[in-house]
Amino acid sequence: MKKLTILTGAGISAESGIKTFRDGDGLWENHSITDVASPQGWRKDRALVLEFYNQRRRQLHEVEPNDAHRLIADLEKHFDVQIITQNIDDLHERAGSSNIIHLHGELFKSCSCNNKNLVYDQKEDINIGDKAEDGAQLRPFIVWFGEDVPLMKEATKLAKEADIFLVIGTSLQVYPAAGLLHDIKDDCLLIVINPNETGVGYGQRAVVMKETATKGMKLLYDKLLDLA
């Protein structure tokens, strides 16, 4: 099977009703990114950070995978599919995909604030006073701005091995994920699905589809099967 590596971002989850990470005003749910998605914000106001992610987690219980997620899962019948996602939701898993790297963490997990290797399933709220086994406060299992991205090495390996590299719903403004395009092989087919794409940053080699994730995947699906 050909190796199909798929990089997904906020655009694919937005069609399931999950709000995108950043709005045009630079705020996220009326909070600055620093206040709710950085180690500094955690040190400043743990209660605010926990409630922010508790709200995200409650919303995740209410949404479902969309056709783009399901079509990606179906491609496993025809390709060796590996997903690298910037999203912290579990919609790829629920759609049936098997191989997923969550670069920025997972909303349905928590960890010790002193040891991110102590990880727990977390489907409900995290409250002040909820402790890990080392006695430290539980925090969201999220890679915040300013923190290392531990799965980046694995993602880079998948990018280098890809025969086809498909980008869906991300403008690749956030590093280090944006750097994955520099790792794909010269003969790797690069396809981009993004309604707001201008072509900047992808270079001339990219096949760009200025469509939403669901419409783009429906248009692309049969063409991908021809390449299998």
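Over the chain, DSSP H runs of length four or greater, each weighted -39,500 (n - 2.57), average out per residue to a 222 nm ellipticity of -8000 deg cm²/dmol. In order along the range 155-163, the phi-based Karplus estimate (6.51 cos²θ - 1.76 cosθ + 1.60, θ = phi - 60°) of 3J(HN,Hα) comes to 5, 4, 4, 5, 5, 5, 8, 5, 8 Hz; Gly and Pro are listed as x. The string of couplings for the range 12-17 from the Karplus curve (6.51, -1.76, 1.60, θ = phi - 60°) is 6, 7, 4, 6, 9, x Hz, one whole number per residue in order, with x for Gly and Pro. If you count Lys pairs in the range 121-217 whose Cα atoms are under 26 Å apart, skipping same-chain pairs closer than 8 places in sequence, the total is 6. The eigenvalues of the Cα gyration tensor, multiplied by 5 and square-rooted, give the chain an equivalent ellipsoid with semi-axes of 31, 18, 17 Å from largest to smallest. Working from Cα pairs under 8 Å separated by at least six residues, relative contact order for the range 16-137 is 21 percent. Considering only alpha-carbon pairs that sit under 8 angstrom and 6 or more positions apart, the relative contact order computed for the range 54-124 is 29 percent. Solvent exposure of the chain amounts to 49 Å² per residue of accessible area, where only protein heavy atoms count and the probe is 1.4 Å.
So which residue, out of I72, I193, I33, gets the largest mean-square fluctuation from a GNM of the chain using Cα contacts under 10 Å as springs? Taking springs between Cα atoms under 10 Å, the residue moving most is I33. What the Cα convex hull of the range 154-228 gives, in volume per residue, is 92 Å³. Its relative contact order, with pairs defined as Cα atoms under 8 Å and 6+ residues apart, puts the chain at 24 percent. Considering only Y53, Y175, Y120, the mean-square fluctuation computed in a Gaussian network model of the chain, springs between alpha carbons under 10 angstrom, is largest for Y175. Rounded to whole Å, the principal axis extents of the Cα atoms in the range 93-228 read 53, 27, 27, largest first. Among R43, R205, R57, the largest mean-square fluctuation in a Gaussian network model of the chain, built with springs joining Cα atoms closer than 10 Å, belongs to R43. Counting every alpha-carbon pair across the range 1-127, the share separated by more than 20 Å comes to 48%.
The values are calculated or read from the model by the stated rules, or taken from the named source; none is laboratory data. Note that the coordinates shown come from a computational prediction; the quantities given were computed from them, not determined experimentally. For accessibility, only protein heavy atoms count, side chains too; no ligands or nucleic acids. Shrake-Rupley method; radii C 1.70, N 1.55, O 1.52, S 1.80 Å.
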